[in-house]
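First up is the structure itself, then whatever we jot down about it.
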């Protein structure tokens with residue numbers, strides 16, 4: 001892990017501002033390997049040094065990964081001047097860690113949303129070249145059929161001429177409920193795909209991104225940190 005300025009490193013946890021960290025150092029409340037830190041500009045490697053603030057371990061993480069059960073009615077954005085975003089659901093500590101949504105869900109779509117400050121991982125999860133499947137549950141206004149399953153597998157051509165990558169479609173019950181797996185994420189893609197087959201989406205929920213599945217114990221609007229096992233499965237770094 002890289003050596004960093006002490007004030008930047010401590011502030012990156014989201015618990016203190018850079019100004020507050022400077023005050024902590026001046027007051028002798030920051031210990032590095034058992035000794036009071038001399039200056040906020042001092043360098044430290046959190047992988048090597050033991051850093052305590054008020055006697056408590058800093059608990060530094062190289063990256064933060066948050067699983068959110070996105071509710072309908074919120075924008076998937078870091079900020080918006082007029083409407084609430086998914087970031088409004090997070091604690092102040094997490095909001096100060098520079099998290100961003102990995103991909104987006106439409107305002108009326110629910111389900112799994114990953115928020116992270118690991119930009120490299122977010123890019124890998126979203127790139128169609130990486131073949132990471134995003135799995136959705138959809139309820140439709142009319143049933144789809146086996147012919148639609150075959151059309152999804154071939155790759156649909158949408159009304160505007162966009163050619164989708166081959167996708168999976170699984171019919172549930174009478175076909176008005178389906179599971180759809182895609183490897184790209186164009187604007188309103190699921191809705192446009194089913195519309196091309198004559199069915200409108202009444203309800204849409206993302207269940208998974210690659211190996212990461214929505215924790216169904218999370219109610220809409222609730223979130224939790226990913227477990228170390230989940231981070232490892234998606235190729236992240238704590």
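Every number in this text was worked out from the coordinates using simple rules, so none of it is lab data. Computed from a predicted structure; not experimentally measured.
Mind checking the full-extension length gain between residue 95 and residue 174? Use 0.36 nm per residue of separation minus the Cα-Cα distance, one decimal, nm. Intermediate results must be reported in sequence, preceding the final value.
Working: separation 79, 0.36 × 79 = 28.44 nm, distance 4.30 nm.
Once the chain is fully extended between residue 95 and residue 174, it gains 24.1 nm.
Taking each residue as 0.36 nm, the span from residue 225 to residue 72 lengthens on full extension beyond its C-alpha to C-alpha distance by 53.0 nm. Shape of segment 104-157 from the C-alpha gyration tensor: oblate (a/c of 1.5 or more and a/b not above b/c, with a ≥ b ≥ c the square roots of its eigenvalues). Comparing 39, 142, 82 in a Gaussian network model of the chain, where Cα atoms under 10 Å apart are tied by springs, the biggest mean-square fluctuation is seen for 82. Length available on full extension from residue 216 to residue 238: 0.36 nm per residue minus the Cα-Cα distance, which gives 5.6 nm.
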